[in-house]
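Here is the structure we will look at.
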Amino acid sequence: MDKIIGLGNALVDVLATLEDDTLLDEMDLPKGSMQLIDDAKLQQINSKFSQMKTHLATGGSAGNAILGLACLGAATGFIGKVGNDHYGNFFRENLKKNTIEDKLLISEQLPSGIASTFISQDGERTFGTYLGAASSLKAEDLTLDMFKGYSYLFIEGYLVQDHEMILHAIELAKEAGLQVCLDMASYNIVANDLEFFSLLINKYVDIVFANEEEAKAFTGEEPEDALRIIGKMCSIAIVKVGANGSYIRKGTEEIKVSAIPVEKVVDTTGAGDYFASGFLYGLTCGYSLEKCAKIGSILSGNVIQVIGTSMSKERWDEIKLNINKVLAE
């Protein structure tokens, strides 16, 4: 089975469920968005969190996707940067617990990155992200050895603000013979750096994951047309359309796969990341595109029924049973 390494912001999610959305207005955080915040805003959020029930989980888009893959039994690794602190230790312990190869770098100057995650009553989540040490990962931190022995590199779009670092990572990955997967991350990130996303996808990226807002920000088109445009630029294009499932295109082959029915959406954190986990797991096992997408749907449909991205062993056992049913079809 092929090994997959993730490159991303090593973040710890601090999650809180809101009774209503007034706090988001107070904090000037548009509902459903991911906003980068500074130290002052982090302190402001922390003072609110101190009066609420919060829950800790490892986060970051690539971190979540790699965790999902590891829980399915895939061989994985993760490259990121943390601070020399409690949150950094929490992140490292979680890698170890899930047998994810630890390629974490340490910043002695900056604290670990934290994603303050506000969960609305409808399950929509809003992030105030303090990147801290995570953002200090630089091109010169990366070495060819980090990528050797892997078949795929999974990159989160949140890293694109550092063009030099992303390009160097892709160069090293290609030199080591890896295929490159890119998750577009967030519609505002795509809109702000359109030209660079175009360069990456046209020239280097093999597999692209986007949700409908990101696909629209990139192409200006609705999901099916966006899929065709992106599909001409790379080897496999995936456009996720939430409860309506996903569209996948490879060459001239195009399929649509339904989402699994979910009675109550608790928290959509990690839905896209876990879809990528399931899809890539299927790909590394050599399954058809349809089966890859169905496995992705099983994972994303389950993670939205829990708070955060950590699922119990019982739920993972159930997920594996449902995957086996898909494989037996």
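The values are calculated or read from the model by the stated rules, or taken from the named source; none is laboratory data. On a predicted model such as this, the values are computed, not experimentally measured, just so you know. For neighbour counting, all protein chains shown are included, and Cβ atoms are generated from backbone atoms with ideal geometry for every residue, glycine included. Just the protein is used for accessible areas: all its heavy atoms, side chains included, with ligands, DNA and RNA removed. Shrake-Rupley method; radii C 1.70, N 1.55, O 1.52, S 1.80 Å.
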**Study point:** residue 141-residue 192 pseudo-label distance in nm [points 7 Å out on the Cα-to-Cβ vector]
**Key:** 1.9
Check your understanding: In the structure displayed, which of 97/325; 96/320; 148/174; 41/103 lie more than 19 Å apart, Cα to Cα?
Key -> 97/325; 96/320; 41/103
Exercise for review: Under 13 Å from a label point 7 Å along Cα→Cβ of residue 290: give me every residue in the range 305-329 with its amide N that close.
Suggested key: 326-329
Study note, to complete from the structure: Expressed in µm² per second, the diffusion coefficient of the range 177-329 from the Stokes-Einstein equation, with Rh the Kirkwood radius over alpha carbon pairs, at 4 °C and 1.567 mPa s, is 83
Exercise for review: About the Cα centre of the chain, how large is the charge dipole given +1 on each Lys and Arg Cβ and -1 on each Asp and Glu Cβ? Please answer in debye to the nearest 20.
Suggested key: 1000
Check your understanding: Can you work out ³J(HN,Hα) from phi for every residue in the range 86-94, in order, using Karplus 6.51 cos²θ - 1.76 cosθ + 1.60 and θ = phi - 60°, giving whole Hz and x for Gly and Pro?
Key -> 4, 5, x, 5, 4, 5, 5, 4, 5
Study note, to complete from the structure: Net charge near residue 105 (other residues with Cβ under 15 Å of its Cβ; Lys, Arg +1; Asp, Glu -1) is -4
Exercise for review: Largest first and in whole Å, give the semi-axes of the range 1-96's equivalent ellipsoid, each being the square root of 5 times a Cα gyration tensor eigenvalue.
Suggested key: 29, 15, 13
Review point. What does the charge count near residue 69 come to, summing +1 for each Lys or Arg and -1 for each Asp or Glu among other residues with Cβ under 11 Å from its Cβ?
Key: -1
Practice item. Lys and Arg at +1, Asp and Glu at -1: add these up for the other residues within a Cβ distance under 10 Å of residue 60 and post the number. Key: -3
Study note, to complete from the structure: Taking placed amide H atoms and a strict 5 Å upper bound, the residues 5 or more places from residue 58 or on another chain that come that close are 13
Review point. Considering every pair of different Cα atoms, what Kirkwood radius, in Å, is found for the range 71-139?
Key: 13.3
Exercise for review: Over the chain, give the accessible area per residue in Å² for a 1.4 Å probe, as an integer.
Suggested key: 42
Point to revise | J(HN,Hα) series, the range 44-57, from Karplus relation 6.51 cos²θ - 1.76 cosθ + 1.60, nearest Hz, glycine and proline x | key: 4, 5, 4, 5, 6, 4, 5, 9, 10, 7, 10, 9, 9, 8
Check your understanding: Roughly how many debye, to the nearest 20, is the charge dipole of the range 176-329 about its Cα centre, given +1 on each Lys and Arg Cβ, -1 on each Asp and Glu Cβ, and no other charges?
Key -> 420
Study note, to complete from the structure: For the chain, the accessible surface attributable to carbon and sulfur atoms (probe 1.4 angstrom, ligands and nucleic acids excluded) amounts in percent to 48
Review point. Which ³J(HN,Hα) values in Hz, rounded to whole numbers, follow from the phi angles of the range 309-324 under the Karplus curve 6.51 cos²θ - 1.76 cosθ + 1.60, where θ = phi - 60° and Gly and Pro get x?
Key: 10, 9, 10, 5, 4, 4, 5, 4, 4, 5, 4, 5, 4, 5, 5, 4
Practice item. With only alpha-carbon atoms counted, please give the Rg and Dmax of the range 1-54, in Å. Key: 14.9, 48
Review point. Kirkwood Rh, the range 209-297, all Cα pairs: how many Å?
Key: 13.1
Point to revise | Measure of compaction for the range 104-194 (Cα Rg per 2.2 N^0.38 Å) | key: 1.24
Check your understanding: Whole number please: convex hull volume per residue of the Cα set in the chain, in Å³?
Key -> 125
Practice item. May I ask you to order 298-308, 86-96, 272-282 by the average number of other C-beta atoms within 10 Å around their residues, highest value first? Key: 272-282, 298-308, 86-96
